[in-house]
Every structure is written in C-alpha cells, then in structure tokens.
1. Here's a check for you: in region A:306-332, which residue that is away from every other protein chain (no Cβ under 11 Å) and open to solvent by 20 Å² or more (accessible area, probe 1.4 Å) is nearest to the chain's Cα centre (by Cα)?
2. Checking A:THR522 against (1) within 16 Å of ligand 2 (Cβ to nearest atom); (2) polar (S, T, N, Q); (3) over 30 Å from the mean Cα position of the chain (by Cα), only one condition comes out false. Which one?
3. Name every residue in region A:125-148 that is basic (Lys, Arg) and part of a helix (DSSP H, G or I), in order of residue number.
4. Would you pick out the residues in region A:457-484 that are away from ligand 2 (no atom under 15 Å from the Cβ) and not in a helix (DSSP H, G or I)?
5. Show the residue pairs that are 6+ apart or on different chains and have beta-carbon atoms under 8 Å apart, the first residue being within region A:497-519 and more than 22 Å from A:ARG484 (Cβ to Cβ) and within 14 Å of chain B (Cβ to nearest Cβ), the second being more than 15 Å from ligand 1 (Cβ to nearest atom) and assigned to a loop (DSSP other than H, G, I, E, B).
6. For region A:154-164, state whether one or more residues are among the hydrophobic types (A, V, I, L, M, F, W, C), away from chain B (no Cβ under 11 Å) and not in a strand (DSSP E or B).
7. Considering each of B:VAL119, B:VAL74, B:VAL113 in turn, give the residue that is within 21 Å of B:VAL146 (Cβ to Cβ), more than 14 Å from chain A (Cβ to nearest Cβ) and out of contact with any Lys or Arg (no Cβ under 6 Å at 6 or more places or on another chain).
8. So which residues in region A:423-456 are within 14 Å of ligand 2 (Cβ to nearest atom) and either touching a Pro at 6+ places or on another chain (Cβ under 7 Å) or open to solvent by 40 Å² or more (accessible area, probe 1.4 Å) (or both), if there are any at all?
Amino acid sequence: MELLSGADMIARFLKDEGVEHIYGYPGGAALHIYDALFRQDSVKHILVRHEQAATHAADGYARATGKPGVVLVTSGPGATNAVTGIATAYMDSIPMVVLCGQVMSHLIGEDAFQETDIVGVTRPVVKHSFSIKHPSEIPEVLKKAFYLAATGRPGPVLVDIPKDMTSPTERYEYVYPKKVKIRSYNPVTRGHTGQIKKAVDMMLKARRPVFYTGGGIITGRASEALTDLVQRLGFPITTTLMGIGGFPQGDRCSLGWLGMHGSYEANMAMHHADLIIAIGARFDDRVTNNTSKFCPTAKIVHVDIDPSSISKTVRADVPIVGAAGSVIDEMISLLQDREPASPDALTEWWKTIDDWRAEREGKLYEPSKPGEALKPQEVIEAVYRATRGEAFVTTDVGQHQMFAAQYYKFAKPNRFITSGGLGTMGFGFPAAMGVKLNFPQDDVVCFTGEGSFQMMMQELSTCKQFDVGVKIVNLNNQSLGMVRQWQDLNYKSRHAHSYMESLPDFAKLIEAYGFTAIKVTTFAELEPALERAFADTNELVFLDIYVDPFEHVYPMQVPLGSMRDMLLSKTERT
Amino acid sequence: MRHIISILLENEPGALSRVVGLFSQRNFNIETLNVAPTEDPSLSRLTVTTVGDDRVIEQITKHLNKLIDVVKLVDLTEGNHIERELMLVKVKALGASRDEVKRTADIFRAQIVDVTPSVYTVQITGDAGKLDAFVQAMAPIGILEVARTGVSGIARGDKLLSL
Ligand SMILES: Cc1ncc(C[n+]2csc(CCOP(=O)(O)OP(=O)(O)O)c2C)c(N)n1
Ligand SMILES: [Mg+2]
C-alpha cells in the first residue's frame, strides 16, 4: 500500500494513465500540484504564456492523436482564461481533461481571493465536471474524468480541486483504478441491426446517393472503414469541415467539403440527392443553410453516437444510434451478403456530378498576375506542394481558414485541425504547438491571419522555451478579412472596425524571440521562402505573406437559401 | 402539448443545476419543478412539467439523458399516470366569507390546516387543473398567498421508474 498526498496522487495518476504532456500555468491554488510535478519526471509540463493557449495546445494534441489533452490551471483568472479553449473543445467534441486549482474548501462561497465558481461558469461547455471533496477520491475521480472525456461522444471534462485536497501533509492510499463504472453512463457502440439493414436496403436502391460524414469519423477512428465502404459502393462523398481527411480527398468519389463555403459540386449533389447517408455529422447551420429548403428530394439515414444529435435540426428517416466504426463495419458485412446494385445504377448520377465539376473547373479563383498582390489561395496551394500534402495543418479563423480547407488536400484523418464549431480566433498557433510537441518528425503548419495571430502570439515565448518548430504562415491581408467580406456583401462595404490599423512589423517581432521570419510580397519570392521555411522541420519559421486584401471566399451559400443557392464569385451566382 | 417528465438523478452537488441549466441553455421551458430524495439516499427524483411539440420533447428527453447525473427518466404523459400537486393557500376569512371559504374547501376536499380570526390556511392536493380551479373559486373571496409544490407524478400499474 502506498500513501500519497493529493498532489502526488495527481502526478502519479497522470503517469499511470500514460499522459506524457500536460499544458498549464501555475498559481496559488495549484502550487501543491506544481510541486508534485517538480518532484517527478514522467509527465512533462509545458508552460504556456496564457491559459487559453494551454487548452488549445491540449486540444491540438487531442485532435492529432485521438487521446485526451490535459490542462492544469490555477483558480480564478487561471480557470476563466481557460474557458474559451474548453468551449472550443466542447463544440468540436474533443477529449480533454482540465484540472483546475480552487481555493481551500472552507473558503468556497466567501468570495475568497482568486475564487470563481468555475464549475458553474463552464457548466454549459463541458461534457461533465467534478469537484474533489476528499483527497482519497482523487484517483477515482480522475479516472472517471479521462473515461468520460474519451468515450461516447468525446468532450472536455473539468475537475475542480480545492487547494486543501492536495495538501502535502495529508496522505492517503493510492491505487491506480484500472477501470471505473458510472451507472448512469453507458454509451452505445453497436447500432440497431434492423435499422442498419433498412439503411443498406435504401443504399442499394438509391440512384442519387451521397455520403455526408463529419468529425465523428475522425474521433471514432472510422476513416479506414468509411473509405472501404465508400469505395465498395462507388458513391460520392462529401465531408464537413470537421470531417476533412476522414476520406481521402484525392479519391474520385470525394466531392470535397460542404456547407457555407463548401464546394459547388458537394452542395449541388446534396441538394439533388435521393439518399443522404450522414455519419458522425450533426446537420449544423453552417452545413444545411435553411433547413426548410434542405435537400428536398432526399431520404436521410443518420448515424451518430449521440442520440440528441439525431433529428435535432433535420428529421432523419432512418436514425441509427451507434459508433461510426461499428455501424460502418456492420454495413459492409451486410453488403457482402447482398446482390450488388446494377453497375450502371449510378451512371446518370456521376455524369451529373462530373458536369458540375467541369462547370467550375479552373474558375475557382483568379491567380495573381505579375505585379499584382498574391492570392491567398495560391499561397495555400504552394504550401501544399512544399509539404507534399503531408503536413499537419492547423488554422486560425477567418478567410485564411476557409482557403486552407479548400486548397490544402488531405489524404488522412487527424491532419486538418481547425476550430469548426466555435470558430475561435487564436486557436491555430497553440494548437500547432500541441501537435508539434508530439510529432517532432512532422511538418506542422499553422495558417493564420494577422488578426488571429495577434490573439495568441505570446506563445512565441513558449516555442522558444520548448524548441517548438512550427511553421507559421501568416496570410496577411491587412484586415479582418472574413468580417470585411460580410461587410462588403451585407453592409455596402462599410468596413466598421474590420481593418487592422497599426500592424506590427511581424518580422521584427518574431526576430525579437530569436526566430526566423520571412516577408513575402510577390509570387517570385514565394517558392524560395517556402523552401527556406521547410528546410529544417524543427525550426520555427514565420512567413509573413502579403495577400490581396480584396479577395473573398467563394462559393458562399446565400443566407436563408437551400444548399444549392450559392455565390460563386463576386459576379456569379447559381 | 404539456408533458410530465420524471427523472432519477444522482444525489450529487451540482446535479440539479445541470438539469435546470440545460433547460435555459437550450431554450426549453419549465412550467413546474419538484425535487426530493427517494428511498435510496443516492438518488433524487425530480419531476418537471414542460410544454412543447413532439420534436422539442424528444430533444428535451435526449439531452436530459445525456447528462451524466441523470440515471433514468420517463415521460409520464406517454402512459396512464397519476399526477399530484400540493398547494397551501391563505385566504381572507372574515364575516360571511368565513363560511364561504369553508364550504368551498369542502367541495374541493381541501383541508383548513391553520386558523386565525381573519385568515384560513387551506391545504389542497390534486392535479394542476383542480388546483387552478380552486384558486379561481377563491379569488373573489380574497387570496392572500399561494404556495404550490409543483407537479409530482407516478405511472399507474406495474410500471416502475427505478434502477
Ligand atoms: C475570438 C474571436 N473573435 C471574433 C471572431 C469573429 N471573426 C471571425 S473571422 C474574423 C477575422 C479574422 O481575421 P484574420 O485572422 O486576419 O483572418 P482573415 O479573415 O483576414 O483571413 C473575426 C473577427 C472570432 N471568430 N473569434
Ligand atoms: Mg486578415
């Protein structure tokens, strides 16, 4: 039997749970825990420069690996600083465990120094939360937190730890709980076979089917199974922004991603489909546009691990509650026993789709002419080439995010890392750190904008301390481009506060931290700059790339319209 | 349609606020709310009445089920059930209206549980409709104060909401 203080139990538990990195920032209520971390060397603590960055870094790690990211912050301001990152993870169903210091239990409720009711503050943006009531319950509560974060529909779990629970003078028995049971929590895995059969019947009869898959494929590690299923059937497939990489984008069946800035052919195919097979996607408003005009001729099969996602915004004809991977496997085995659909059942449909593809071929954007400002799209394409499409890509939020999603093509899951649900500016850079720290051999690129980058740029200091060699590609359009685009379209180009006056000289700023920065303003400078930037995988390089401030992201769905109502450029509309 | 949803909830700190928070966060409405421990000290039973179309009620029950603290729930209005609420009402009881209050209470099978020279305190149980009717009947006489528990309910017959 081993007697440990609460603080030592936390450090020890993290080791026993196999946690390698935690991201955090110290403060009074967390100091016993920090002291315990100091006295061990299994778990490496990454000191960020703002607690929001700790959550985004843990989140980036979780998205790249599928394992829960772990955060440690102090009470009060430490905890409230983490809220945006917790909400970001919650919206995208990312597994995360956030350990928060809290004031001593006898002070709770007295407005003590650095006291906030962080359990209350975060209640709507966590999967669950715990408050430690006695040091001896720490191992079990932590195990529950990890279990809840990573299973079922994943999400962030917060553990509030009053300082006296970690006191070094009180010791209790520590046993690593290999397993926990929560009587009220039994996430489903297998789907209902009868429903799956029904879905398979419909798939074999469909003439205009489309797969529409989301982040559930990535978190459910179902990408291989999905690829197998889609290729067997030869159906077109579109993913959500969160589902990018769940199916190889280079495959002929891939229509790219769908929704507000999705591809023309994906949105057209959805609108005209007779069967939509949605897996691990949630029909959110950035995908469906106006739900009353959504896919008028389609029957809908909806597979999701979270029953509350089914029929939330769009009614499913065949709801299937289950884990993506197991439902897909069952579909495949059912298909193997069935007469395949006639080989030309889909000929007509593919012809229509190929026509849509051809319509937009070569018209997606106008490349820059010599002497003109670079187009953001061509920068993304150049980075794609420079990294052979193999980098981990994180993004911030704005036009550059949409361009990155449109022009960097992903063949694998867990490679495109973006804040889809919350759309959190500031996410990209710390998320890239979290990825790079765990994949030192890989190129990790953060596409950012001068607006977003300035929300988390203090993390340059973290990168310096821990030698984090991410590549930061700043698509500098000297404006809050996405806001400006909306103002162009909806407010007669009245650019209320969408431009960034007094931008810093980014190169000097980066150099102040001892890193390399390259300013790029012409196409001729681009390739050599990229070559230099990617020469050493482990060197942080910042590319400050000046791009056309007037460019818009297209296609763009017309508000309140159907899936197929899109602006295709500044002058064309469907 | 009005629904009565009964929930077995972990008797843990914060559990109730998660349930109540869910309703406000997702724009669902709560008409009444009643909560107390059960024979098993680790569980509370909570009953909400809410109004919504089928789609909304489906969402409410799904989201409630998703809360880790919710162990089990039932929409009582889906089957035969017994619905009860308890109300305490203070009514002006002076002169002629003193008898009137007593008579009306008798009609409703309510009990007068406290008396002063000018006030009767009446206790009545029943479904929400009966309580509303009583309030209406008493209103002209002069209601001074009303305390209602909110609806509690249970399924008829062998059906159980238990672990
Ligand atoms: C934290 C936060 N605040 C505000 C917004 C609203 N918003 C969305 S995109 C955007 C502009 C982003 O500018 P920049 O990072 O320069 O990217 P660009 O659109 O120019 O590529 C803003 C302000 C947001 N998404 N997140
Ligand atoms: Mg910008």
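1. A:ALA323
2. Every listed condition holds for A:THR522 apart from (1).
3. Once the filter is applied, which keeps residues that are basic (Lys, Arg) and part of a helix (DSSP H, G or I), region A:125-148 yields A:LYS143, A:LYS144.
4. In the first step, residues of region A:457-484 are kept if they are away from ligand 2 (no atom under 15 Å from the Cβ); the result is A:458-471.
Correct list: A:ASP467, A:VAL468, A:GLY469, A:VAL470, A:LYS471.
5. none
6. Scanning region A:154-164, I find no residue that is among the hydrophobic types (A, V, I, L, M, F, W, C), away from chain B (no Cβ under 11 Å) and not in a strand (DSSP E or B), so the answer is no.
7. Working: B:VAL119 fails: out of contact with any Lys or Arg (no Cβ under 6 Å at 6 or more places or on another chain); B:VAL74 fails: within 21 Å of B:VAL146 (Cβ to Cβ).
Only one candidate qualifies: B:VAL113.
8. Result: A:MET425, A:GLN454, A:MET455.
The values are calculated or read from the model by the stated rules, or taken from the named source; none is laboratory data. Note that the coordinates shown come from a computational prediction; the quantities given were computed from them, not determined experimentally. Cβ coordinates were reconstructed from backbone atoms using ideal geometry, including for glycine residues, and neighbour counts include every protein chain displayed. The protein model used for the area step is the full one, side chains on, heavy atoms only, and it has no ligands, DNA or RNA in it. Shrake-Rupley method; radii C 1.70, N 1.55, O 1.52, S 1.80 Å.
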